[in-house]
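Report on the following structure.
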Amino acid sequence: MLKNLSYVSIAFIYINLLGYIFHFYVSRHLSPEGYGEFMVLYSLMLTVGNFSGIFTVISIKTMSESENREAVLRYLRLFALIIGTIFMVAGVISSPFIKYFFKISYLPYIWIISLTWIFMFLVAAEKGYLQAKSHFGIFSFVNSFELTVRLLIAILLISSGCYIWGALFPSFFCLLSVFILLTIINKNFKGSIQKIPFKKLCKIAIYASPGGFFIYMDDIFIKRVFSPEMAGLYASASIIGKSLILFCMNLFSVFFPKLIENVSDNKIFKKLIIKILFLIIAIFLLAEIFVLLWGKAIFLILFGEKFVNAFKILPIYIIAILPLTLSIIFMWIKTVEERNIYLIYLHLILYFGGFTIFNFTDIMSYLLYIFSFNTIFSLVYIRTLFHTPKNLP
């Protein structure tokens with residue numbers, strides 16, 4: 001497990017370096033107002049696209065339980081294509097409403113986002129196969145390749161004057177490239193197909209789907225809550241904070257197959273959970289110390305003097321999203337256990353509702369809501385994990 005954690009950690013550092021360069025380049029060329037709109041679009045793409053993460057979870061869970069992983073992969077490829085196409089069509093049809101609701105300036109921006117959703121589903125199924133077989137070295141290489149392609153295409157298009165379009169299109173192009181690469185690596189096109197009972201797929205999907213919505217939900221609403229300039233400042237701080245969440249998710253992906261294998265052994269299962277929680281808290285603590293000591297200089301190098309006021313948000317933002325990160329981890333653990341589904345969706349519905357109902361006066365009240373709401377639910381999740389009998393729904 002230590003070797004796999006090393007693969008994932010090294011790749012994530014490289015990926016985040018490229019990610020920061022990407023956002024550094026985009027923010028400097030789009031200005032705070034343009035960058036704020038890009039982040040709304042980017043967050044919309046990833047929030048809905050993260051629903052495709054159910055295929056990663058389904059792949060790992062079903063393949064870990066199956067003797068013929070390749071047959072399961074072939075079935076999931078077909079299923080991912082169908083679901084991805086449905087999401088794309090739905091995105092195109094609802095694009096006028098999305099444009100109006102989130103105050104997007106140009107309708108085709110939403111069309112390119114809708115197109116990326118197909119490949120997010122297809123790529124998720126392929127990556128899940130690698131993780132199920134514990135090929136984390138190849139998995140880490142593929143993720144690094146994906147972000148490298150995105151950065152290079154973004155620099156090419158934005159330097160050619162493509163503005164927001166030049167920041168969005170690279171995500172589609174790199175997903176297409178990664179999908180081609182993964183199909184070459186994974187092969188197994190011919191052979192039997194092991195159909196997974198639809199009821200089982202739905203059950204796993206119901207558990208796995210909410211987690212992805214939580215990561216980018218706060219960024220989706222920033223243009224509705226704040227001025228265009230303030231939205232851009234918030235976005236620059238949040239994109240760094242999001243890297244912490246994603247880093248923890250990547251590390252958790254190493255533990256996930258082990259949790260599935262040991263779900264029936266209560267002692268080992270709880271020990272793994274405790275290790276995960278301590279690891280995440282330690283990561284956030286180190287990140288907060290680093291930001292307070294050296295963060296400002298690095299932040300200004302990344303985003304420039306126009307975003308100097310955004311750095312004040314960052315240390316508080318990191319604190320605010322720690323309970324959010326723990327909540328997402330707990331949701332994935334609940335996916336392994338396949339219980340407490342009502343609690344997960346109650347969390348999602350109430351959290352989303354708060355962003356639409358509450359009148360946030362400033363960024364601090366916005367962050368206080370994120371912190372306090374997810375702290376309450378984190379405590380509830382902990383209680384269900386360590387105090388609820390395993391046979392409860």
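What the table below lists for this structure:
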item	result
Only Lys, Arg (+1) and Asp, Glu (-1) charged, at Cβ; the chain dipole about Cα centre in debye	960 debye
Aspartates and glutamates whose Cα lies under 12 Å from that of Lys242, excluding same-chain neighbours fewer than 8 positions away	Asp218, Asp219
Cα principal axis extents for the chain, largest first, Å	55, 46, 40
Equivalent ellipsoid, region 257-327 (semi-axes from 5 times Cα gyration tensor eigenvalues, Å)	36, 10, 10
Semi-axes of the equivalent ellipsoid for region 272-393, Cα gyration tensor, largest first, Å	32, 19, 10
Per-residue HN-Hα couplings for region 309-320 [Karplus 6.51, -1.76, 1.60; θ = phi - 60°; Hz; x = Gly/Pro]	6, 6, 5, 4, 6, 4, x, 6, 4, 4, 5, 5
Mean ellipticity per residue at 222 nm, deg cm²/dmol - from DSSP H runs of n ≥ 4 across the chain, formula -39500 (n - 2.57)	-29000 deg cm²/dmol
Given the chain, longest segment not containing exposed loop trypsin sites (Lys or Arg not before Pro) (DSSP; at most 14 other Cβ within 10 Å)	196-389
Residue-normalised accessible area of the chain, given per residue in Å² at a 1.4 Å probe	43 Å²
Highest-MSF residue in the chain out of Trp332, Trp294, Trp117 [GNM, Cα springs under 10 Å]	Trp294
Share of carbon and sulfur in the accessible heavy-atom surface of the chain [1.4 Å probe, %]	72 percent
Lysine pairs meeting the criterion (Cα under 21 Å, 8 or more apart or interchain), as found in region 69-210	11
Alpha carbon centroid spacing (whole Å) that separates region 40-114 from region 236-277	23 Å
Max mean-square fluctuation residue, GNM over the chain, Cα-Cα springs under 10 Å, options Ile283, Ile113, Ile215	Ile283
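The values are calculated or read from the model by the stated rules, or taken from the named source; none is laboratory data. The structure presented is a predicted model; accordingly, all values stated were derived computationally and were not measured. Cβ atoms come from the backbone with ideal geometry, glycine included; neighbour counts cover every protein chain shown. The protein model used for the area step is the full one, side chains on, heavy atoms only, and it has no ligands, DNA or RNA in it. Shrake-Rupley method; radii C 1.70, N 1.55, O 1.52, S 1.80 Å.
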